[in-house]
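Here is the structure we will look at, set down as structure tokens.
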Amino acid sequence: MSHQLPDFLVVIPARLGSTRLPRKPLADIGGKPMIVHVAERAKLSSAKQVLVATDSEEIQAACVAHHIDCALTRADHPTGTDRIAEVAEQLQLPANTLIVNVQGDEPLIPPELINQVAQTLADSPTCAISTVAVPITEILEINNPNVVKVVLNHLGEALYFSRAAIPFARDLGAGAAVTYLRHLGIYAYRTDFLRTYAGLEVAPPEKAEALEQLRALWNGYRIAVHTTSNAPPAGVDTPEDLERVRQILAND
């Protein structure tokens, strides 16, 4: 494990269209849009630059008003990763540049976790992507399809991601011996992989599970997973989540 943190950028993909919470990135939290809170948290990491990538001029204006760098991208990107790939092209980043993808609905993301996912990729030269997992402690989460599970190999690399309970404990009682891992949607990649990813076809399991990271596995790319017992606070998917985050930040 190297101790010198690698140079990296943070790119935060953000779009206005969200089914469960309309106009989510601009949701007001303590007088500031959520996307600004996310970027400010990311700036507390060791990132050399923090950039929001959006197709919305409204989001861009909110970022500019709060001195957050913002890149305007095309509107037709199917995933946040594709949006980040466009930004890498716009900035003409060198092939081995590390980019951390922080979700735009994580206003409480720990800056240390951002550093860690960059470090994990820097320490894993044979992997194309790094990401994070935490042990599941709530039994109800194991069968909850909104909680994405990941199974690792002995190197700490992802074998598969699923909304199903994996690994499945066949024998009653065997489940007690299984550690279920929840996948957290933060990623690091190198620019050259992003260029490749944008050209890869959507994979059948990706389509079935609606999990874009399966495209990389399907095409033979390796994903390093940093496992931490410190689960960060949940992101914002619903109006209830938004209220919870407002309360937390109001008491900070």
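The values are calculated or read from the model by the stated rules, or taken from the named source; none is laboratory data. Every value quoted in this text rests on a predicted model; they were computed, and no experiment measured them. Cβ sites come from the backbone with ideal geometry, for glycine too, and all protein chains shown count toward neighbours. All accessible areas refer to the heavy atoms of the entire protein, side chains included, with ligands and DNA or RNA removed. Shrake-Rupley method; radii C 1.70, N 1.55, O 1.52, S 1.80 Å.
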Inset, instruction - With an 8 Å cut-off on Cα pairs and a minimum separation of 6 or more residues, tell me the relative contact order of the range 99-202 in percent. - result: 36 percent
Inset, instruction - Whenever you get a sec, compute what percent of the accessible area on the chain sits on carbon and sulfur atoms (1.4 Å probe). - result: 53 percent
Legend entry - Nonlocal Lys pairs with alpha-carbon distance under 29 Å, the chain (8 or more apart, or different chains): 9
Legend entry - Virtual spin-label span in nm between Lys48 and Thr227, 7 Å along Cα→Cβ: 3.3 nm
Inset, instruction - Take the alpha-carbon positions of the range 103-190, form their convex hull, and give its projected area averaged over all directions (one quarter of the hull surface) in nm². - result: 6.7 nm²
Legend entry - Calculated Cα extents along the principal axes in Å (choose from [x] 46, 44, 38; [y] 57, 42, 38; [z] 55, 42, 30), label: [y]
Inset, instruction - Work out the charge dipole of the range 50-193 with +1 on the Cβ of Lys and Arg and -1 on the Cβ of Asp and Glu about the Cα centre, then indicate which of Val52, Thr81, Pro94 is farthest towards its positive end. - result: Thr81
Legend entry - Quarter of the Cα convex hull surface for the range 11-91, i.e. its orientation-mean projected area (nm²): 5.4 nm²
